[in-house]
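J.: Once you've had a glance at the structure underneath, I'll fire off some questions.
Here, each number is a calculation from the coordinates, and none is a lab measurement. Being a predicted model, the structure only gives us computed values, none of them experimental. Note that each Cβ is placed from the backbone with ideal geometry, even for glycine, and that neighbours are counted across all protein chains shown.
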Amino acid sequence: MTRVRIPPTLRAAVGGEREVPASGATVGELLDDLTARFPGLEGQLQFANVYVDGEDIRTLDELETPVREGATVILLPAMAGG
Amino acid sequence: MATYRELLSQVKEEIDEIDAAEGVRLLDSDSGGALFLDVREQDEWDQGIIPGAVHIPRGNLESRVEGLVPDRERSIVVYCAGGSRSAFAAKTLTELGYENVVSLAGGFTDWKRNGFPTTLPRSLGAEQRSRYSRHLLIPEVGEEGQLRLLDSRILLIGAGGLGSPASLYLAAAGVGTLGIVDDDAVDATNLQRQIVHSTERLGEAKAESAKRTIEALNPDVTVKTFQERLTSENVDRILGEGWDVIVDGADNFPTRYLLNDASVWHGIPVVHGSIFRFEGQVTVLKPGDGPCYRCLFPQPPPPELAPSCAEGGVLGVLPGVIGSIQATEALKLALGIGEPLVGRLLLYDALSASFTEVTLRRDPGCPVCGDNPTITEYVDYVEFCAGPRAHA
């Protein structure tokens, strides 16, 4: 189980939680697990950057990036407010 | 035992002297590169100096000169008021291993009598010394750093939630010129967080309101207001006025992407901040030295997934935290000190009271700052930020 940090704009889709557990050995599996359990996330995750232990998965192996036990996963979309 | 006169004439035999006419030739010569070293006391220095001179009072010469002039082969012209103190100073410098030292015979007095150029030194006035005393005590800032801040030009995009604390702290710190771009007017809903404005300013242009607050806070600061929304049409004119740092406190994606592209092309670092409810993001986007905003977020979320503070709300103090970090980063950039937030995105979550950092890297395939850019002129940012669906 990995805990995934959910940004404020996506929280409504996960019942208002700031962090939800998800399972998967890779980022792709993790996100699939999330969308399976929270269908409201469908179509929204593509706008969020995914960081595994502080590194952007685009600089790692994208959705194939392995997620070790206890890793910190952050979903982060751009925010406009100022 | 030698008298002062005997000692002085003995020293003058051991050193080289030049007269004012020879000195002014060294001052004018581009190739000469002679350093004029003023060894008088502070009050004498304050009243006028030879242009470009550096100052070490005679009493501090031995302890400070190596820090100021590490190159012992550097050609140095030492001067004082009349040529005596500088003679002793020249001897000391020779003993310290400086190889090309001359003393200006007749000193500053003779120089002025000849009508050669003088100038007033760059130093803080008595009021500034008092105002910035807590900066002067910090070795990383000091008088030189404070003068640098007074010479600095920082542009704020937005005088709203983030721009309020950022502009106040930058003004208090003595940043000499602040530009403020904002086309909005002060509204009652702003006052819960936009602390540069006030109840009596309701309805007033935000840029003007901020200018009044800043000028009341620190008369050293010149505020240049731009009562307009940043657009593809005006961005080159506004950025072209020459800014050392830009603080991005915009409240919408089209402005943020426009500012990004413009700042990359103008080569100006942007201190980015954004906020929503209890959370904020800060980073420094420094062209040529890290990612740009498009490397970080190639596409903005569609509007329905990116509510603004007006739509989703924000804790009033949150921009205080994020805007203050932006001001800190802007000051560090202006001073050239510390480790700026380049290549790092700092995330703040007020509810959990935690800071998290993620790594950002420049994307070699970035359409704007990448190796083969595909976007080389301004696009329609409103359409770009409306998302692909706008084309359908």
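J.: Averaging sequence separations of C-alpha pairs under 8 Å and six or more residues apart, then dividing by the length of the range B:60-116, give the relative contact order as a whole percent.
T.: Result for the range B:60-116 is 39 percent.
J.: Given H placed on each backbone N at 1.01 Å, which residues far from residue B:78 in sequence or on other chains put an amide H within less than 5 Å of it?
T.: Here B:37, B:102, B:103, B:104 satisfy the definition.
J.: Further, regarding this structure: Order by neighbour count: B:198, B:130, B:308, fewest other Cβ atoms within 10 Å first, most last.
T.: Final ranking by Cβ density, sparse to dense: B:130, B:198, B:308.
J.: Can you sort B:206, B:286, B:91 from fewest to most other Cβ atoms within 10 Å of each residue's own Cβ?
T.: Starting with the residue having the fewest Cβ neighbours, the order is B:91, B:286, B:206.
J.: Search the structure for amide H atoms under 5 Å from the amide H of residue B:342, placed 1.01 Å from N in the peptide plane, and list their residues when 5 or more places away or on another chain.
T.: B:284
J.: Under the 0.36 nm per residue contour assumption, what length would be gained going from the current alpha-carbon distance of residue B:143 and residue B:310 to full extension?
T.: 55.9 nm
J.: Sticking with this structure for a sec: Would you kindly derive the ³J(HN,Hα) couplings of the range A:54-70 from the backbone phi angles with the Karplus curve 6.51 cos²θ - 1.76 cosθ + 1.60 (θ = phi - 60°), listing them in order in whole Hz, with x for Gly and Pro?
T.: Karplus-based 3J(HN,Hα) across the range A:54-70 equals x, 10, 5, 5, 5, 9, 10, 10, 6, 6, 7, 4, x, 10, 7, 4, x Hz.
J.: List the residues, sorted by chain then number, that are 5 or more residues from residue A:72 or on another chain and whose placed amide H is less than 5 Å from its amide H.
T.: The list, which skips near neighbours in sequence, is A:53.
J.: Note down the relative contact order for chain B as a percent, whole number, built from C-alpha pairs under 8 angstrom at least six residues apart.
T.: 12 percent
J.: Additional query: Count the DSSP beta bridges whose two residues both fall in chain B, then state the antiparallel fraction as a percent rounded to the nearest 5.
T.: DSSP beta bridges in chain B are roughly 35 percent antiparallel.
J.: Kindly provide the helix-only [θ] at 222 nm of the protein assembly as shown, computed as the sum of -39,500 (n - 2.57) over DSSP H runs of four or more divided by all residues, to the nearest 500 deg cm²/dmol?
T.: Mean residue ellipticity at 222 nm (helix-derived): -9000 deg cm²/dmol.
J.: Still on this structure: If you average the alpha carbon positions of the range B:2-38 and of the range B:325-392, how far apart do those two centres end up, in angstrom?
T.: 54 Å
J.: If you don't mind, another one. Roughly speaking, what is the stretch gain from residue B:241 to residue B:9, that is 0.36 nm per residue apart minus the C-alpha to C-alpha distance, in nm to one decimal?
T.: This chain segment gains 78.0 nm when fully extended.
J.: Just how far, in whole angstrom, is the range A:14-65 from the range B:79-94 if you go by their alpha carbon centroids?
T.: Value for the Cα centre distance between the two parts: 72 Å.
J.: Karplus couplings for the range B:366-377 from phi (6.51 cos²θ - 1.76 cosθ + 1.60, θ = phi - 60°), rounded to Hz, Gly and Pro as x?
T.: Listing the rounded values in order: 4, x, 10, 10, x, 6, 10, x, 9, 10, 10, 9 Hz.
J.: Which whole-Hz ³J(HN,Hα) couplings does the range B:335-349 yield from phi under the Karplus relation 6.51 cos²θ - 1.76 cosθ + 1.60, θ = phi - 60°, glycine and proline marked x?
T.: Karplus values, whole Hz, x for Gly and Pro: 7, x, 10, x, 10, x, 6, 7, x, 9, 10, 9, 10, 10, 10.
J.: May I pose another question? Pop out the Kirkwood hydrodynamic radius of the protein assembly as shown from its pairwise C-alpha distances, inverse of mean 1/r, in Å to one decimal.
T.: Over the protein assembly as shown, the inverse of the mean reciprocal pair distance is 25.7 Å.
J.: Another question, if that's okay. Below 14 angstrom from the Cβ of residue B:134, what's the summed charge of the other residues (Lys, Arg +1; Asp, Glu -1)?
T.: 0
J.: Return the Rg/Rh ratio of the range B:58-182 with Cα-based radii and a Kirkwood Rh.
T.: In the range B:58-182, Rg relative to Rh is 1.15.
J.: Once a ≥ b ≥ c are taken as the square roots of the eigenvalues of the Cα gyration tensor of chain A, is the result rounded (a/c under 1.5), prolate (a/b larger than b/c) or oblate (a/b not larger than b/c)?
T.: In terms of gyration-tensor shape, oblate.
J.: Right, another one. I need the shape label for the range B:280-392. Rule: rounded when a/c is under 1.5, else prolate if a/b > b/c, else oblate, with a, b, c from the alpha carbon gyration tensor.
T.: It is oblate, given that a/c is not under 1.5 and a/b is not larger than b/c.
J.: Another question, if that's okay. Please work out how many pairs of lysine residues in the protein assembly as shown are eight or more positions apart (or on different chains) and have Cα atoms closer than 21 angstrom.
T.: 4
J.: Would you mind computing, in nm to one decimal, how far apart the modelled labels at residue B:25 and residue B:351 are, each placed 7 Å from Cα along Cα→Cβ?
T.: Modelled inter-label distance: 7.8 nm.
J.: So, by mean Cβ neighbours within 10 angstrom, what's the order for B:153-160, B:236-243 with the highest one leading?
T.: Highest to lowest by the protection proxy: B:153-160, B:236-243.
J.: Sticking with this one: Would you mind counting up the charge near residue B:7? Only other residues with Cβ under 14 Å from its Cβ, with Lys and Arg at +1 and Asp and Glu at -1.
T.: After counting each charged neighbour, the total is +1.
J.: How tilted is helix B:85-95 with respect to the longest principal axis of chain B? Cα atoms for both, answer in degrees (0 to 90, nearest 10).
T.: 80 degrees
J.: Pick out which of B:246, B:322, B:50 has the largest mean-square fluctuation in a Gaussian network model of chain B, springs linking Cα atoms closer than 10 Å.
T.: Highest fluctuation of the listed residues: B:50.
J.: While we're looking at this one, here's another question. How many nm is it between the label spots at residue A:63 and residue B:382, if each spot is 7 Å from the Cα in line with the beta carbon?
T.: 3.5 nm
J.: Taking neighbour counts of Cβ atoms within 10 Å as a proxy for exposure, in what order, fewest first, do B:135, B:266 appear?
T.: B:266, B:135
J.: Return, for the Cα atoms of the range B:1-127, the radius of gyration and Dmax in Å, separated by a comma.
T.: Reported Rg and Dmax, both Å: 14.0, 47.
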